[in-house]
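Engineer: Sending over a structure as structure tokens; questions will come in a sec.
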Amino acid sequence: MNLLDMDTNEMKEFLAGLGEPSFRAAQLCKWLSQGVGLGDMTNLPSSLRDKLKTEYAEGYVKTEKVLRAPDGTKKYLFSLPDGNTVESVFMVNNYGNSVCLSTQVGCKMGCTFCASCKNGFIRNLSAGEIIAQYIAMNADAGQGRNISNIVLMGMGEPLDNYGNVIRFLKRVHEKETYGMSYRNISLSTCGLVPEILRLADSGLPVTLSISLHAPFDEKRAQILPIARKWSVDEVIAAAKTYFEKTKRRVIIEYILIDGFNNTKEDAEKLKELLRGMSSHINLIPLNAIDGCDLKAPSKKDVYSFLALLEKSGLSATVRRSLGAEILGACGQLKNSAIG
């Protein structure tokens with residue numbers, strides 16, 4: 001059993017079963033949040049440490065490789081206890097450091113522009129395995145807390161692993177250990193409508209990011225198979241419900257594909273769809289991956305489309321691309337050899 005899969009209350013019950021006082025749970029969870037090995041948890045009795053070491057594992061990931069980009073971005077290849085691997089990204093911004101975490105090994109969604117699904121879906125990550133990525137990158141950045149923002153935009157569809165992702169969100173928000181504000185956490189989904197509505201009722205006001213990428217159903221279905229199940233109108237209606245219940249502005253992720261989704265008609269349809277909802281559009285020029293013939297527009301065309309959106313009264317920016325040189329940018333993470 002991996003200790004990282006337990007929250008503080010579960011740890012109290014677990015340790016009570018071993019005859020330990022309840023305050024040991026806070027001590028153990030604090031050590032785990034810092035990535036410390038069981039043998040080095042010096043304020044725990046040696047008898048408890050020995051017992052834990054023989055029967056349990058911390059649940060940490062193993063760093064197999066790290067690639068560094070000139071902009072300070074680092075892409076990590078992590079191996080899990082069962083031998084599967086995931087990639088995660090550490091990003092340096094002027095407002096603080098962010099980490100992009102994976103929630104699944106592989107992905108079921110089949111988006112044509114994304115490398116994460118190219119090797120298929122293997123399994124969900126546990127809450128502890130998601131947290132372990134955070135712990136490893138924070139420790140690698142130095143002592144103390146080095147991460148101010150979390151984005152669940154790595155490998156996998158977070159809402160397809162709903163239960164474990166909710167457990168992760170509650171865990172990483174615990175004041176005594178990680179203390180991450182929900183407002184500093186973004187969750188990206190390609191549009192699983194029932195789970196968006198569940199998230200709206202969860203009481204966890206994270207920033208919801210909708211991977212829209214096209215405002216027309218027929219276009220969207222060409223690049224996102226999930227669009228054949230839920231229409232653009234259904235996805236946007238769920239996003240509006242999320243905004244109404246949480247009062248959190250919704251982010252619309254919009255990968256720009258040359259000659260495909262950057263026309264005047266696309267801009268006009270986006271204005272129609274987003275009317276009445278506090279939202280911001282992140283324009284993301286397509287990042288190249290193997291096996292995909294789609295291409296990004298020219299820089300001129302990217303900013304021409306931005307101008308169309310702004311002229312329509314929409315809030316939009318072109319997202320700064322980080323880590324493209326190491327295949328660590330949006331859509332480039334995968335569960336195979338790094339790079």
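The values are calculated or read from the model by the stated rules, or taken from the named source; none is laboratory data. Please read all numbers here as calculations on a predicted model, not as lab measurements. What goes into the accessible areas is simple: the full protein's heavy atoms, side chains included, and nothing from ligands, DNA or RNA. Shrake-Rupley method; radii C 1.70, N 1.55, O 1.52, S 1.80 Å.
Engineer: Would you work out what percent of the accessible area of segment 1-61, with all protein chains in place, is carbon or sulfur (probe 1.4 Å)? Walk me through the numbers before you get to the answer.
Structural biologist: Details: 1410 of 2990 Å².
Answer for segment 1-61: carbon and sulfur cover 47 percent of the accessible area.
Engineer: My understanding is that a pair violates if its Cα-Cα distance is over 22 Å; which of K108/K240; K240/K264; K170/K245; K108/K271 do that in this structure?
Structural biologist: Details: K108/K240 25 Å; K240/K264 24 Å; K170/K245 19 Å; K108/K271 30 Å.
K108/K240; K240/K264; K108/K271, as the Cα separations exceed 22 Å there.
Engineer: Still on this structure, I have one more. Per-residue HN-Hα couplings for segment 114-121, Karplus 6.51 cos²θ - 1.76 cosθ + 1.60 at θ = phi - 60°, whole Hz, x for Gly and Pro?
Structural biologist: Values, residue by residue: 10, 6, 4, 9, 5, 9, x, 9 Hz.
Engineer: So, one more: What does the extension gain come out to for L204 and R319, with contour length at 0.36 nm per residue minus their alpha carbon separation?
Structural biologist: Numbers: separation 115, 0.36 × 115 = 41.40 nm, distance 2.53 nm.
Taking 0.36 nm per residue and subtracting the Cα distance, the gain is 38.9 nm.
Engineer: Shifting gears a bit: Taking only the alpha carbons of the chain, what extent do you get along each of the three principal axes, in Å, biggest first?
Structural biologist: 69, 40, 35 Å, listed from the longest principal axis down.
Engineer: May I pose another question? Can you give the relative contact order of the chain as a percent, counting alpha carbon pairs under 8 Å and 6+ residues apart? Provide the component values of the computation, followed by the final result.
Structural biologist: Numbers: 661 pairs, mean separation 55.6, N = 339.
Computed over the chain, the figure is 16 percent.
Engineer: Quick one: divide the alpha-carbon radius of gyration of segment 101-153 by 2.2 N^0.38 Å and tell me what you get.
Structural biologist: Values: Rg = 13.4 Å, N = 53, 2.2 N^0.38 = 9.9 Å.
Output field value: 1.34.
Engineer: How large a share of the accessible area of segment 223-313, in percent, is made up of carbon and sulfur atoms when the probe is 1.4 Å and the other protein chains stay in place?
Structural biologist: On the way: 2160 of 4610 Å².
Accessible surface attributable to carbon and sulfur in segment 223-313 totals 47 percent.
Engineer: Still on this structure, I have one more. So what is the accessible area of segment 1-111 per residue, in Å², with the probe set to 1.4 Å? Don't jump to the answer; show the numbers that get you there.
Structural biologist: Values: 4910 Å² over 111 residues.
Heavy-atom accessible area per residue stands at 44 Å².
Engineer: Relative to 2.2 N^0.38 Å, what does the C-alpha radius of gyration of segment 29-106 come to as a ratio? Two decimals please. Walk me through the numbers on the way to the answer.
Structural biologist: Working: Rg = 15.9 Å, N = 78, 2.2 N^0.38 = 11.5 Å.
Expressed relative to 2.2 N^0.38 Å, the Cα Rg reads 1.38.
Engineer: Ok, one more. Where in the chain are the DSSP H helices whose alpha-carbon span along the long axis reaches 15 Å or more and whose Kyte-Doolittle mean is at least -1.0? If you can, show how the numbers build up before the last one.
Structural biologist: Numbers: long enough: 23-33 (16 Å, 0.26); 127-140 (20 Å, 0.49); 162-173 (17 Å, -0.15); 232-246 (21 Å, 0.01); 264-274 (16 Å, -1.14); 299-311 (18 Å, -0.05).
For the chain, where a helix must reach 15 Å along its axis and average at least -1.0, the hits are 23-33, 127-140, 162-173, 232-246, 299-311.
Engineer: Got a sec to turn the phi values of segment 280-285 into Karplus ³J(HN,Hα) couplings, 6.51 cos²θ - 1.76 cosθ + 1.60 with θ = phi - 60°, whole Hz, x for Gly and Pro?
Structural biologist: 9, 9, 9, 8, 10, x
Engineer: Can you give the alpha-carbon Rg of segment 173-231 over 2.2 N^0.38 Å, where N counts its residues? Write down the numbers at each step before the final one.
Structural biologist: Working: Rg = 14.7 Å, N = 59, 2.2 N^0.38 = 10.4 Å.
Cα-based Rg divided by the globular estimate yields 1.42.
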